[in-house]
């Protein structure tokens, strides 16, 4: 899932269902094209905050579960999908 996919997810009906769950504190989108995790957390004001974790950080944390995992463990034995071709915006 890349950033475009994340935006589509956030504006979908499915995500609206997740947002409505009062007991849900955070949810995670794991990128399949590069080592990146997007974690959405509900703050004390009830607003959803996005935090990106990149492989350079080495770990990411799920606060609601008091759980930390290494990127190397998460992506072990994973073959990342190739990124879709993007139009060349520099050619005329």
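The values are calculated or read from the model by the stated rules, or taken from the named source; none is laboratory data. Just so we're clear, the structure is a prediction, and the values are computed from it rather than from any experiment. Note: ideal-geometry Cβ built from the backbone for every residue, glycine included; neighbour counts use all protein chains shown.
Here are a few things to note about the model shown:
- Note on region 1-51: residues that are closer than 21 Å to residue 82 by Cβ and either assigned to a strand (DSSP E or B) or modelled with pLDDT of 70 or more (or both) total 10.
- Checked across region 73-81, the condition of being without any contact (Cβ under 8 Å) to a residue 60 or more places away in the chain and assigned to a strand (DSSP E or B) holds for no residue.
- Residue, surrounded by the most Cβ atoms within 10 Å (Cβ to Cβ), within region 35-52, restricted to residues that are touching a helix residue (DSSP H, G or I) at 6+ places or on another chain (Cβ under 8 Å) and under 23 Å from residue 79 (Cβ atoms): 37
- Given (1) farther than 30 Å from residue 16 by Cβ; (2) loosely packed, with under 14 Cβ neighbours inside 10 Å; (3) at pLDDT below 90, index of the condition residue 81 fails: (1)
- Applying the criterion of being out of contact with any strand residue (DSSP E or B) (no Cβ under 6 Å at 6 or more places or on another chain), at pLDDT 90 or above and in a helix (DSSP H, G or I) to the residues of region 57-71, the residue that is surrounded by the most Cβ atoms within 10 Å (Cβ to Cβ) is 71.
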